[in-house]
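A.B. asks: I have a structure here, written as C-alpha cells, and I will follow up with some questions on it.
The values are calculated or read from the model by the stated rules, or taken from the named source; none is laboratory data. Computed from a prediction, not measured in an experiment: that's the story for all the values here. Backbone-built Cβ (ideal geometry, glycine too); neighbour counts: all protein chains shown.
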Amino acid sequence: MAAPVPRPPELLNLAVALLPESDRDARLFYEFSPLHIVRWAQCPRCRRRFWYALNTDTPQEELWYHGATFRQQLLGQSCEAHAEAGAPDAGARG
C-alpha cells in the first residue's frame, strides 16, 4: 500500500466524488462547463474508469492530491466493490 498523499493546506474543491464512466449525462455538464475540468482515474486491475470534476482554477498540488487519493481508493477496494458503484458498461474494453 502506498503512503498517504499529503493534503494541501487549503482545498479549492471540498466535495469531490469519484463517479463511474457510465454516468455520461452528469459528466457532460462538467465537460461543457467553462468553470470545470473532468479528470479520470482507472482501476489497474479491472480497468474500469471513473471520473471526477474540479474547478478550472484548481492548483496543481490539489490536482495531484485528488488524483493520487482516488487511485489509492481504487487500489484499496476490491473490483467488485467499485463495480457495484458503476453500470456494467463501465468495465474493461477489449
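A.B. asks: Provide a single number: the residues in the stretch 18-34 that are in a loop (DSSP other than H, G, I, E, B) and surrounded by 10 or more Cβ atoms within 10 Å (Cβ to Cβ).
C.D. replies: Residues meeting the conditions: 5.
A.B. asks: Output the number of residues of the stretch 43-60 satisfying the condition of being within 14 Å of the chain's Cα centre (by Cα) and surrounded by 16 or more Cβ atoms within 10 Å (Cβ to Cβ).
C.D. replies: Step one: filter the stretch 43-60 for residues within 14 Å of the chain's Cα centre (by Cα), giving 43-44, 47-55.
Next cut, surrounded by 16 or more Cβ atoms within 10 Å (Cβ to Cβ) only: 43, 48-54.
Number of matching residues: 8.
A.B. asks: Which residues, taken from the stretch 28-81, are farther than 18 Å from Leu14 by Cβ and among the basic types (Lys, Arg)?
C.D. replies: Matches in the stretch 28-81: Arg45, Arg47, Arg48, Arg49, Arg71.
A.B. asks: Taking interchain pairs and intrachain pairs at least six residues apart, which have beta carbon atoms under 6 angstrom, with the first residue in the stretch 20-40 and closer than 23 Å to Trp64 by Cβ and at pLDDT 95 or above and the second in a helix (DSSP H, G or I) and acidic (Asp, Glu)?
C.D. replies: Hits for this filter: Val38/Glu31.
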